[in-house]
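Here's the structure we're looking at; comments come further down.
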Ligand code: UTP
């Protein structure tokens, strides 16, 4: 990097009040200096300013109301027609899958990209393998192969790439699988200063699953998809072994109804279940997190006894590219969490905090729904489509996912 570029970065840091990042600069070797400067270049300073200016952005003032859900019962009469419409679109290559796999899976504590987790007991069976099989099952008989875009982060990109290569993409056509990296967000001290994990690197973490569309745009992949005739994206989490990707009926229902987006939901087992509930927020589709639901809202019922906020999201969404692109410039809320993040102190010593010392910032995917006027909220049957792996044991763990997979497919993993 030239002297002029270094000077520009220093000026920027001074303006943003982040000069502490240059504290150890003069003691670094050339390669370390380059590493630090490159990381600083990729910092989203707008995100930091926005987060520090509105620390309460998540608990924003909102009017929360119920949203109409197309229940399984309501789907029955239309199912055949929607399936035909969806299969036609899949056959014409109009839909691609986007698998969000850039998370760190901290609750599970698995050392590697979550998609590379071996779910099998009697044989090897990996999460990525299961998801690709789920796509194949849905698109069987369709003329086109569904393109698959996998979002990684700098932390797990290489490991994901090598894993898929080593397993020959589990037989899925290699030219139909594309990896792209999401952006990273720095961890901040409680007064908004970027923390460092070494004299030549920042404390960085993936910036949440809500940045997927912008990351695809920046990578030039939206243009590529459009050139290939892709119109719809089925955006899903990586960690649900029953994830129903490329479901022709859901796609057909969205196309048929003229929607710009859709969300799969399940009926919650109880009002206390810890999943985000689909709702209208200030008259737009949205998700209210379980932590945000007041007791009054949790327990509110319709006259027929059903709960008003009965349906939780499964992280399986449809987005029409043309409609989403038009909203790509909108400002998304930043979700902040105060966490313990090991970092350097002013003297350059590594400290492992005993109390939360850092703000982590993330964008959430469901906030994108709010940019739309309407959303197809589509119920699916929990036992058919929802078996997430979030925790080491207990609820939503490897054990529960294996049992649910076995119950659905009759196969011991
Ligand atoms: P979660 O919110 O469950 O996060 O992600 P996680 O990283 O898997 O697990 P914890 O919370 O650290 O324990 C839901 C989906 O969003 C993806 C995850 O990979 C998962 O598929 N995700 C999450 C990203 O792609 N990027 C992120 O920055 C965060």
Exercise. First check a/c for region 250-323, with a ≥ b ≥ c the square roots of the eigenvalues of its C-alpha gyration tensor; if it is under 1.5, answer rounded, and if not, answer prolate when a/b is larger than b/c or oblate otherwise.
Key: prolate
Quiz item: Using 0.36 nm per residue, how much length does the chain from residue 33 to residue 338 gain when fully extended, once their Cα-Cα distance is taken away?
Solution: 106.9 nm
Practice problem: Would you mind getting me the FRET efficiency between residue 289 and residue 201? Use the beta-carbon distance for r and R0 = 35 Å, nearest 0.05. | Solution: 0.65
Quiz prompt | Two-site label geometry, residue 136 and residue 124: point separation in nm, points 7 Å out along Cα→Cβ | solution = 1.6
Exercise. Name the shape class, rounded, prolate or oblate, that the alpha-carbon gyration tensor gives for the chain, where a ≥ b ≥ c are the square roots of its eigenvalues, rounded holds for a/c under 1.5, and otherwise prolate holds if a/b is larger than b/c and oblate otherwise.
Key: prolate
Quiz item: Got a sec? How would 188, 179, 217, 280 order by Cβ neighbour count within 10 Å, fewest to most?
Solution: 217, 179, 280, 188
Exercise. Subtract the Cα-Cα distance of residue 143 and residue 409 from 0.36 nm times their separation in residues, and report this length gain in nm to one decimal.
Key: 93.3 nm
Exercise. Describe numerically, in nm with one decimal, the distance between label points set 7 Å from Cα along Cα→Cβ at residue 323 and at residue 53.
Key: 3.0
Quiz item: In region 98-228, what percentage of the DSSP-assigned beta bridges are antiparallel, given to the nearest 5?
Solution: 45
Practice problem: In whole angstrom, note down how far apart the Cα centers of region 334-387 and region 1-78 are. | Solution: 13
Practice problem: First measure r as the distance between the Cβ atoms of residue 15 and residue 65, then evaluate 1/(1 + (r/R0)^6) with R0 = 51 Å and state the FRET efficiency to the nearest 0.05. | Solution: 0.75
Quiz prompt | Neighbour-count order for 317, 405, 378, fewest beta carbons within 10 angstrom listed first | solution = 405, 317, 378
Practice problem: Can you tell me how much longer the chain between residue 23 and residue 91 gets when fully stretched, taken as 0.36 nm per residue apart minus their C-alpha distance, in nm with one decimal? | Solution: 18.8 nm
Practice problem: Describe numerically, in nm with one decimal, the distance between label points set 7 Å from Cα along Cα→Cβ at residue 45 and at residue 168. | Solution: 5.1
Quiz prompt | Cβ-based exposure ranking for 215, 189, in which fewest neighbours within 10 Å come first | solution = 189, 215
Quiz item: Taking square-rooted eigenvalues a ≥ b ≥ c of the alpha carbon gyration tensor, is region 306-413 rounded, prolate or oblate, where a/c under 1.5 means rounded and, failing that, a/b exceeding b/c means prolate?
Solution: oblate
Practice problem: Please report the relative contact order for the chain, taking Cα pairs under 8 Å with a sequence separation of at least 6, and give it as a percent rounded to a whole number. | Solution: 23
Quiz item: Where both partners of a DSSP beta bridge lie in the chain, what percent of those bridges are antiparallel, to the nearest 5?
Solution: 65
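Every read-out reported here was derived from the displayed coordinates using simple, explicitly stated rules and does not represent laboratory data. For clarity, every value in this text was computed on a predicted model and none was experimentally measured. Positions of Cβ are backbone-derived with ideal geometry, glycine not excepted, and every protein chain shown enters the neighbour counts.
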